[in-house]
Structures are given as C-alpha cells and as structure tokens.
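Chemist: After the structure tokens below, expect a handful of questions from me.
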Amino acid sequence: MTDLSGRVIIVTGAAGNLGGCMAKLLAARGARLVLSDINKDGVERRRDEIHGQGGDAVAHVTDVTKEEQVRDLANFAVKKMGGIDVLVNNAGLLGQEIQLADLDADLWDRTMNVNLRSVFLTSKFVIPHLIGRGGGAIINISSAASKAGYIMSNAYAASKGGVNVLTKYIATQYGKQNIRCNAVLPGIHLGEEAMARTAKESLRNLAEHCMLPRLGTPEDIAKAVAFLASDDAFYITAQLLQVDGGLLDHAPQMADARNNDGFYRSQLARSA
Ligand SMILES: NC(=O)c1ccc[n+]([C@@H]2O[C@H](COP(=O)([O-])OP(=O)(O)OC[C@H]3O[C@@H](n4cnc5c(N)ncnc54)[C@H](O)[C@@H]3O)[C@@H](O)[C@H]2O)c1
C-alpha cells in the first residue's frame, strides 16, 4: 500500500463525491490534508470525518475561480501545515446536458472558470511553495470526456481538454525543480446517491461499454491519486492516466457486436 506519511496534500472540491473519498483514503495512508471547497458545511463535515478516523485535516472555504481566495488557500496551507507537498485539483462542475447550439455562453464561461481557470490559479500559487520544499506533485482530475466526442457536455469536455494540456505544460516547465504533474481521467464513478438516481438502463448501457466487469467507483480514483502522490510514482510525469475500465480503448461497436451481431456470434461459436 502506498505510504503518504506526513505528506501535506491540498484537495479541492473535497466536499464532493470523489474529493470526499480521496480525502479519506489519503488520510488513511498517513497524509495531512488541507481540504478545500466552496461548500462550507460540506468541507467542514469532511474535516470532522477525517478527525473521526484519527487523521489530520484542516478545512478552508475557497471559490477556486477567485484569485485572492486561491492565494489565501495556499498561504493557509503553509501556515497550518508548514508547507505543501501535493496539490490535487479535483473541484469541478460536472457535464451539463446541453447540445452546443443550445449552450448558454454564461454556462460555458462558468464551466471553463471552475474546471480550467481553477487549475491555473491553484498551480500558480502552490508551485512556489512546492519549489520551496524541494519539489512535489500536482494531480489534475480531468475526465475521459476529454478523449472522445459525445452528444452533450461540450463546455465540460473542452474544459477538461484544457486541463490535459495544462498538465503537460506544468510538467514541462517545472520538472527540473522536481515537480511532477499528471492528470487522472475518470470514466464513470458515481457515489451511492447518484447511482440510485441514475436510470438502470443507462447504468447497464455504460457497464456494457467497460472492458472490466463493473462500473468505476470513487475508490478507483482515490487509489490512482494516492499512487501518483507517492514516491512510487517518482518517475511518472506529464501523463494522462485513464482510470475508466477501458471505456474508451476498444472499437466503439464492440458492445453492440457482443450482444446483437449474428456474424460476431457465429465467429465466436466457430472458434469455441
Ligand atoms: N464522478 C465521476 O464519475 C467523474 C467522471 C469524470 C470526471 N470527474 C471529475 O472529478 C471531479 C470531482 O467530481 P465529483 O463526481 O466528485 O463531483 P461533485 O459534484 O460531487 O464534487 C465537485 C465538488 O467541487 C466543488 N466546487 C464546485 N465549484 C466550486 C468552486 N467554484 N470552488 C470550489 N469548489 C467548487 C463542489 O462544491 C463539490 O463539492 C470533477 O473535476 C469532475 O469533473 C468525475
């Protein structure tokens, strides 16, 4: 198991589904956490949960689109924890179900601000502190949505495409100062509530298109983040790590062929 003992990690969007799960897992592996979210009650609840499991965490209410608040977050982390080792850019606005011609320009701007401007701002204010510690890691939570077209979520996918590019630029510019920067691209990782809300037919459809036997879970993402934050990933930088059960790496007609295609079935029967 990856050891993160004593490592100071900022997690943005810590009140949410993936942020909450990764906060608990990182704390369980010894990290000291600076939890940040725009949702005050949510982030303070997370902090209390970490304390309840015997971990070390502080909470900061931050709107990651606001430069002054992000500067304050970085200073708060240093003041409370003595420095910063890892930044996890997880806060995000999820995909909005609108096709491009109907997409409101304000929603486009808001999505870009929360998902992309935020990564620029947090990195801008945290990188000098990482350099001061002799190095560190930045992990950007992007999305598999940035890798292929879909019938909606234009602003979301474009913002995550920007995150992928920024990941490579940060890694390139600060690698010599011992800063690694990678992105994790989740597929479908719903929490229990979202799972219960989602139509069974949609879940079945998604599961059919994963290579592996089940849909993703928040823990799958938390474990990838823990690995990338640890010294085990020392020689890994500038990578876009898809943690999506193979969702986007097979021929798109595969699931339909498996279920409905008589030719495919007859080939399978012949080779059996
Ligand atoms: N859950 C998935 O299946 C999935 C798939 C692909 C990518 N992702 C990415 O993972 C990340 C987390 O997703 P999630 O499923 O936990 O979503 P979530 O909605 O549960 O959590 C997002 C968190 O970000 C916070 N946030 C929103 N705007 C903010 C702002 N301006 N300042 C600070 N915090 C703000 C919210 O309060 C919330 O706590 C996002 O970046 C998302 O795009 C998730």
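Chemist: Using the Karplus curve 6.51 cos²θ - 1.76 cosθ + 1.60 with θ = phi - 60°, what ³J(HN,Hα) values do you get for each residue of region 30-39, in whole Hz, with x for Gly and Pro?
Modeler: Ordered by residue, 3J(HN,Hα) equals x, 6, 9, 10, 10, 8, 9, 6, 6, 8 Hz.
Chemist: Same structure, new question: Spelling out what I want: for every residue of region 50-58, take phi, set θ = phi - 60°, compute 6.51 cos²θ - 1.76 cosθ + 1.60 (Karplus), and round to whole Hz; glycine and proline get x.
Modeler: Rounded to whole hertz, the list is 5, 4, x, 8, x, x, 10, 8, 10.
Chemist: Between R270 and L212, what FRET efficiency follows from the Cβ-Cβ distance if R0 is 35 Å, with the result rounded to 0.05?
Modeler: 0.85
Chemist: Can you compute the helix-only [θ] at 222 nm over the chain? Use -39500 (n - 2.57) per DSSP H run of at least 4 residues, normalise by all residues, nearest 500 deg cm²/dmol.
Modeler: -14500 deg cm²/dmol
Chemist: Among the listed pairs K124/K160; K160/K223; K40/K176; K79/K168; K24/K147; K40/K168, give every one whose C-alpha distance is greater than 27 Å.
Modeler: In this structure, K40/K176; K79/K168; K24/K147; K40/K168 exceed 27 Å between Cα atoms.
Chemist: Over region 116-272, what is the relative contact order in whole percent, taking alpha-carbon pairs under 8 Å and six or more residues apart?
Modeler: Rounded, it is 26 percent for region 116-272.
Chemist: Given region 8-271, report the % of alpha carbon pairs whose separation exceeds 30 Å.
Modeler: Every Cα pair in region 8-271 considered, those over 30 Å come to 29 percent.
Chemist: Further, regarding this structure: Leaving ligands, DNA and RNA out of it, work out the accessible area of I188 with a 1.4 Å probe and give it in Å² to the nearest 10.
Modeler: 50
Chemist: Simple spin-label model, 7 Å along Cα-to-Cβ: L100 to K66 in nm?
Modeler: With each label placed 7 Å out from Cα toward Cβ, I get 3.4 nm.
Chemist: A follow-up question, please. Quick check: at a probe of 1.4 Å, how many percent of the accessible area of region 8-271 sits on carbon and sulfur atoms?
Modeler: Whole-percent figure for carbon plus sulfur exposure: 53.
Chemist: Okay, moving on. To the nearest 10 degrees, how steeply does helix 262-271 sit against the main Cα axis of the chain, on a 0 to 90 scale?
Modeler: 90
Chemist: What angle do you read, to the nearest 10 degrees and between 0 and 90, between the alpha-carbon axis of helix 154-174 and the longest principal axis of the chain?
Modeler: Rounded to the nearest ten degrees, it is 50.
Chemist: Need one number: the % of Cα-Cα pairs in region 48-130 sitting beyond the 17 Å mark.
Modeler: Tail of the P(r) past 17 Å holds 56 percent of the pairs.
Chemist: Ignoring ligands, DNA and RNA, what accessible area per residue does the chain give at 1.4 Å, in Å²?
Modeler: 51
Chemist: To test your reading of the geometry: what angle, between 0 and 90 degrees and rounded to tens, separates the Cα axis of helix 118-132 from the longest principal axis of the chain?
Modeler: 50
The values are calculated or read from the model by the stated rules, or taken from the named source; none is laboratory data. These numbers come from a predicted model, not from an experiment. All Cβ positions, glycine included, derive from the backbone under ideal geometry; neighbour counts span all protein chains shown. These area figures cover heavy atoms from the full protein model, side chains too; ligands, DNA and RNA do not enter into them. Shrake-Rupley method; radii C 1.70, N 1.55, O 1.52, S 1.80 Å.
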